[in-house]
Structures are given as C-alpha cells and as structure tokens.
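The structure appears below as structure tokens.
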Amino acid sequence: MKCGLPVIFAVIVALGASWIGLVIAPALQLGTLKETTVLNTTDVYPPQRTGAATLGLQAYRANGCAACHTEQVRQDGVTCEVVLTDAGKNPSAVTNLLTALTLTGLTKDQAEAVSGKITAAGGKVETHIVPIGSDLDHGWGVRRSVAEDFLYDNPVQLGGLRAGPDLANIGLRSPDANWHLLHLYAPRSVNTDSKMPSFRYLFTVQKIGAAPSPDALNLPAAFAPPAGFEVVPKPEARQLAAYLLSLRANVPVYDAPFTPPAKP
C-alpha cells in the first residue's frame, strides 16, 4: 500500500499528459488557426470549401475512407537549385562555367556560393527551394502537410494507413469529377490494380427512361449494368467527389516553402 499512491499518481500524470498532448494541444492549435497567405502573393490560403465539398467531408468520414487513405504528406527536408535566367553579355563564359558547377541538390550556403560565381561571370540566376522525400517522389504532394491545410476540416482525418495513396492533393492529380464517380462505383474500371472496395450503394441503378440521364456514368462494358439500365450517382456520391476535388494542398506557405514551377 505504501507504493500504491505514487503509482496511481504516476498513472494519472501520464494519462493527463497524453490527453493534453493528443487532444488539448491540437485543439488549441487548430482552434486559433487563421488563414495564411501564399508566399510572394496576396492570395489567401486555404480557400473556403463549397457547400457540396463540405458535405462530402462528412461522406468521406461516414464511409471510412480515412481507414485506408492518409491526408498528410511527409518530406525529409529541402534542397536548393540554381537556375540561370540570363546568360548576360558573355554567354559562352557563363555556359562553360555552368558545366563545371553542380546546380541541384545544394544546401543554402552552396547555392549562394554557386550563384556568386555565375553572377561574377555576368549571368543572372534564381535560387529555387525544392522539397524532397519519398511521398513527394510518389507524386502525392509538392510539399509537406501543415496545419493550415486542415483549417476547414471538421473533423480532421489524417489517417494512419496507406492501403491506398495519400489524398492530400488528389484534386490536382485527378481533377475530373467523372473519374472519381467511376472510381467510387467500380474502382477497377479506371485502375486495374485498385484494391479499393466498390461503393455501389452511393449510386442508383435504374431503367433508362425516354432518354438516358445526363448524370449516368459512362461505364466500360465489363462494369456496365444490363441493357436498358443506367447507373446514376446519388447526392452523397457527388458530394464525396466534390470533397476529393477540393483536396489541393499545392501552394507554398511560410511553414512549408518551395518554389513553384514556372507557368508555361
């Protein structure tokens, strides 16, 4: 009994600290979080979701999508690359210098040193910030996820298992709503290797009336309903697709800077 009270006290402290760290701290962080600005612009991030996408967040939750997908891109760090923007009045000298220098995968100090040499030769350069990491190599994002990405999520559904790919910017990778609807109804109709189960209960199979419904899915023959029938998405399916299209974490912010590619 002499050891009982210290043990109980230690358990209470451990549980209390865990609860504060896992519940209170995130709630305080997101509870006071405000929109931020996109680096080097006046644009505000994140944009408010449409009503359909907001309802789609609840459909995402109700259908357990977070059990197999994450919405949190990780990165290992950043490197710098030096990009020539103008060869100046002595382009041959600058070109010869470039062949002798390493321009990518640099630290900040290395990038500054390389930029100094090119500038001294008469060229003009820019230093670009390039995030690196396996998630980025997979094409799941262009930078790590930050708290601002989840400002309008209630609840936040980071997920903990990647049975399927991360969805943090799926709205950019697959920007077609019809693709998402086909994927929800018959995943292997658009991805033969998909492990995702079909969510056919989010759709209605109905007889074709005087004319086919404009909302009917254009399914491959192997997944199409019997002749004379069509597959039409229910509102929940359209809302879920709208939510997936809203996942576009692709702008540089203060907590996760990078240099966007130049627009063509």
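For N178, are the conditions met, namely being exposed (fewer than 15 other Cβ atoms within 10 Å of the Cβ), under 30 Å from E230 (Cβ atoms) and touching a residue at least 40 places away in the same chain (Cβ under 8 Å)? Here the answer is yes, as N178 does meet what is asked. Consider region 213-234 and keep the residues that are in contact (Cβ under 8 Å) with a residue 40 or more places away in the chain and touching a strand residue (DSSP E or B) at 6+ places or on another chain (Cβ under 8 Å). The one that is surrounded by the most Cβ atoms within 10 Å (Cβ to Cβ) is P233. Only one of the numbered conditions (1) modelled with pLDDT of 90 or more; (2) over 30 Å from P257 (Cβ atoms); (3) small (G, A, S); (4) surrounded by 11 or more Cβ atoms within 10 Å (Cβ to Cβ) is violated by G105, and that is (2).
Let's see how each residue does on (1) at pLDDT 95 or above; (2) on the phi > 0 side of the Ramachandran plot; (3) part of a loop (DSSP other than H, G, I, E, B); (4) buried (at least 16 other Cβ atoms within 10 Å of the Cβ):
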{"residue": "H183", "(1), (2), (3), (4)": "yes, no, no, yes"}
{"residue": "S194", "(1), (2), (3), (4)": "no, no, yes, no"}
{"residue": "Y201", "(1), (2), (3), (4)": "yes, no, no, no"}
{"residue": "A211", "(1), (2), (3), (4)": "no, no, yes, no"}
{"residue": "E236", "(1), (2), (3), (4)": "yes, no, no, yes"}
{"residue": "P261", "(1), (2), (3), (4)": "no, no, yes, no"}
{"residue": "P264", "(1), (2), (3), (4)": "no, no, yes, no"}
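Given the structure, is A27 in a helix (DSSP H, G or I) and closer than 30 Å to P155 by Cα? Taking the combined requirement at face value, the residue satisfies it.
Looking at region 56-72, can you tell me whether even one residue there is over 25 Å from P131 (Cβ atoms), touching a Ser or Thr at 6+ places or on another chain (Cβ under 9 Å) and not charged (D, E, K, R)? Yes: one or more hits. Applying a threshold of 8 Å to beta carbon distances and a minimum spacing of six or more residues, or different chains, the list of pairs starting in region 13-41 at a residue that is at pLDDT 80 or above and ending at one that is among the β-branched types (V, I, T) and not in a loop (DSSP other than H, G, I, E, B) reads E35/V44; T36/V44; T36/V253; T37/V44; T37/V253; V38/V44; V38/V253; L39/V253.
With respect to D166, determine if the residue is surrounded by fewer than 20 Cβ atoms within 10 Å (Cβ to Cβ), of a type in the set (D, E) and either touching an Asp or Glu at 6+ places or on another chain (Cβ under 9 Å) or not in a helix (DSSP H, G or I) (or both). No, not satisfied. If you go through region 58-91 and pick out every residue that is of a type in the set (D, E) and exposed (fewer than 14 other Cβ atoms within 10 Å of the Cβ), you end up with 2.
Quick test of your reading of the structure: V94 fulfils all but one of (1) without any contact (Cβ under 8 Å) to a residue 60 or more places away in the chain; (2) buried (at least 17 other Cβ atoms within 10 Å of the Cβ); (3) closer than 29 Å to V251 by Cβ. Name the failing condition by number. For V94, the failing item is (3).
Looking across region 146-163, just one residue is over 21 Å from S198 (Cβ atoms), of a type in the set (G, A, S) and either surrounded by 21 or more Cβ atoms within 10 Å (Cβ to Cβ) or in contact with an Asp or Glu (Cβ under 8 Å, 6 or more places away or on another chain) (or both), and that is A147.
Checking each residue in region 101-130 for being more than 16 Å from D86 (Cβ to Cβ) and under 33 Å from the mean Cα position of the chain (by Cα) picks out T102, T104, G105, L106, T107, K108, D109, Q110, A111, E112, I129, V130.
The values are calculated or read from the model by the stated rules, or taken from the named source; none is laboratory data. Because the structure is a prediction, the values reported are computed rather than measured. All Cβ positions, even for glycine, are placed from backbone atoms using ideal geometry, and neighbour counts span all protein chains on display.
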